[in-house]
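Colleague: Structure incoming, see below.
The values are calculated or read from the model by the stated rules, or taken from the named source; none is laboratory data. Treat the numbers as computed from the prediction; the structure is a model and nothing was measured. Every residue, glycine as well, gets a Cβ built from its backbone with ideal geometry; the counts of neighbours run over all protein chains shown. Only protein heavy atoms, including side chains, enter the accessible area calculation; ligands, DNA and RNA are left aside. Shrake-Rupley method; radii C 1.70, N 1.55, O 1.52, S 1.80 Å.
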Amino acid sequence: MSSDESFYRIQKLPPYVFSVINEMKARARADQQDVVDLGMGNPDGATPAPVVAKLTEAAKNPRNHRYSMSRGIPQLRNAIVARYQKNYGVTLDPEHEAIVTIGAKDALAHLMFATIGPGDVVVSPNPAYPIHQYGVIMSEGHACMLPMPDAATFLNGLEDLYRKGPAPKMILVSFPHNPTTTCVDLDFFKSLIALAAHHGTYVIHDFAYADLCFDGYKAPSILQVDGAKEIAVEIFSLSKSYNMAGWRVGFCLGNRKIIAALARIKSYLDYGVFQPIQIASIIALRECEADTREICLNYQKRRDVLVDGLCRAGWHVAKPRGSMFVWAPVPEAYRAQGSLEFSKLLMQKALVAVSPGVGFGPMGEGFVRFALIENEHRLRQATRNIQRFLQTA
Ligand SMILES: Cc1ncc(COP(=O)(O)O)c(C=O)c1O
């Protein structure tokens, strides 16, 4: 879809780099070619059956067909607060410290819209999920990108930034991280909160991959840090933890001031998620922890198949501790061409769709991202195709 570049905000939003690969994929499929699609992070699994059953039941009740509440029904806010207490030992007030959002993406975009104004600086790692930087740009803030080859380097860069100039208004992070798969422990968050609190900076933590952790690792919530609520909010989503990406349910939790700002903006913009979806989401949060564990184990098995297969093909890639991605350096022989050209080659010669790292920002160049959204059999097929391509090229 082309858009009129004369519109003020549209000028600031370049066309999605990923659309190039998507178009190639669509053409290949139209030619009956069997593409293994590891491009977009769109979960392929089913939502747990009790959640779907509850949706069907609730949808039959006309009382649920009306406008809902833009900040979410109280029972759903109670359910997320109970989950935080149980999983992280974090106590939240469902009235003032929790709000339901239309997925994490809505939470991020509207949070920026609510809190950032012209010239406000928001620091985040790059590469990143695009809305982390474009949400700031759309709000006319200044997106300050710090490289994140690893979490410690990001923290050092942040300390440096504070030493050199005025404090940013906000820091936006996300671990397990998309696309680099970087994971952190609670000490990282303790340092980050201490640093931000000292300088009066707010912190947003996008926890979209909260439950996708492997080999015994458990991702910490930033709200586990003492005093975090004074300056931080966390965004949690049902999309990945419960295979509910299409349902559009997320939460923003923590700092009252930020949540009140988001609630105000949302009260003008929406009437909340369709109420039967909110009711069904309560079942996910209360009853589907076993499903989450199974979803996670499935990604772990896929990770092993993909990484082991790539290694056999001579492409050595580290196994991530979390997320639903594998972040792979472009093989040396192709590095000079860049990640977009290499992704096109993978598509044409190996019939495997991946996301070029540059699509996640300038610091993503030199990498491609595999999303673990096809089954083990298809992943084996992908690595065999890649092996053939790398050997014959
Ligand atoms: C880091 C990150 N945050 C948020 C989202 C979007 O989550 P939601 O489906 O809840 O909007 C994604 C989706 O891929 C993501 O990678």
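Colleague: Are any residues in region 184-234 among the basic types (Lys, Arg) and assigned to a loop (DSSP other than H, G, I, E, B), and if so, which ones? Talk me through it step by step, then tell me what you get.
Modeller: Looking only at region 184-234, we keep the residues that are among the basic types (Lys, Arg), and these are 190, 218, 229.
Matches in region 184-234: Lys218 only.
Colleague: Working only within region 72-89, note down all residues that are among the basic types (Lys, Arg) and open to solvent by 70 Å² or more (accessible area, probe 1.4 Å). Explain how you work it out, then say what you get.
Modeller: First, pick out the residues of region 72-89 that are among the basic types (Lys, Arg): 77, 83, 86.
The one that is among the basic types (Lys, Arg) and open to solvent by 70 Å² or more (accessible area, probe 1.4 Å): Lys86.
Colleague: Next question. For Arg264, are the conditions met, namely being among the basic types (Lys, Arg), at pLDDT 95 or above and within 16 Å of the ligand (Cβ to nearest atom)?
Modeller: Numbers: among the basic types (Lys, Arg): yes; at pLDDT 95 or above: yes; within 16 Å of the ligand (Cβ to nearest atom): no.
So Arg264 fails the test.
Colleague: When you scan region 325-363, how many residues do you find that are over 25 Å from the mean Cα position of the chain (by Cα), open to solvent by 30 Å² or more (accessible area, probe 1.4 Å), within 21 Å of Leu379 (Cα to Cα) and of a type in the set (A, V, I, L, M, F, W, C)?
Modeller: The total comes to 2.
Colleague: Still on this model: Could you please tell me which pairs satisfy a Cβ distance under 7 Å, a separation of 6+ or placement on different chains, a first residue in region 96-114 that is of a type in the set (Lys, Arg), and a second residue that is in a helix (DSSP H, G or I) and near the ligand (Cβ under 8 Å from one of its atoms)?
Modeller: Matching pairs, first to second residue: Lys105/Ile131.
Colleague: Another one. Please work out if Pro94 is open to solvent by 10 Å² or more (accessible area, probe 1.4 Å) and either within 16 Å of the ligand (Cβ to nearest atom) or β-branched (Val, Ile, Thr) (or both).
Modeller: The answer is no for Pro94.
Colleague: Can you list residue pairs whose Cβ atoms sit under 7 Å apart, with the first residue in region 310-325 being assigned by TED's automatic domain parsing to the domain that holds Val352 and in a loop (DSSP other than H, G, I, E, B) and the second being open to solvent by 80 Å² or more (accessible area, probe 1.4 Å) and not hydrophobic (A, V, I, L, M, F, W, C)? Count only pairs 6 or more apart in sequence or on different chains.
Modeller: Arg321/Asp215
Colleague: Still on this structure, please answer the following. For residues that are hydroxyl-bearing (Ser, Thr, Tyr) and open to solvent by 40 Å² or more (accessible area, probe 1.4 Å), scanning just region 265-324, find the one that is farthest from Tyr242 (Cα to Cα).
Modeller: The selected residue is Tyr268.
Colleague: Out of curiosity, is Ser343 assigned by TED's automatic domain parsing to the domain that holds Val368, within 18 Å of Val35 (Cβ to Cβ) and either modelled with pLDDT under 95 or touching a helix residue (DSSP H, G or I) at 6+ places or on another chain (Cβ under 9 Å) (or both)? Talk me through it step by step, then tell me what you get.
Modeller: Details: assigned by TED's automatic domain parsing to the domain that holds Val368: yes; within 18 Å of Val35 (Cβ to Cβ): yes; either modelled with pLDDT under 95 or touching a helix residue (DSSP H, G or I) at 6+ places or on another chain (Cβ under 9 Å) (or both): yes.
Here the answer is yes, as Ser343 does meet what is asked.
Colleague: Here's a follow-up. Is it fair to say Gln387 is farther than 20 Å from Cys183 by Cα, polar (S, T, N, Q), in a helix (DSSP H, G or I) and modelled with pLDDT of 95 or more?
Modeller: Here the answer is yes, as Gln387 does meet what is asked.
Colleague: Filter region 121-145 down to the residues that are open to solvent by 40 Å² or more (accessible area, probe 1.4 Å) and more than 13 Å from the chain's Cα centre (by Cα), then identify the one that is nearest to Gly366 (Cα to Cα).
Modeller: Met145
Colleague: Just to be sure, is Tyr162 open to solvent by 60 Å² or more (accessible area, probe 1.4 Å) and either within 16 Å of the ligand (Cβ to nearest atom) or not in a loop (DSSP other than H, G, I, E, B) (or both)? Even if it seems obvious, please write down each step before you answer.
Modeller: Working: open to solvent by 60 Å² or more (accessible area, probe 1.4 Å): no; either within 16 Å of the ligand (Cβ to nearest atom) or not in a loop (DSSP other than H, G, I, E, B) (or both): yes.
No, not satisfied.
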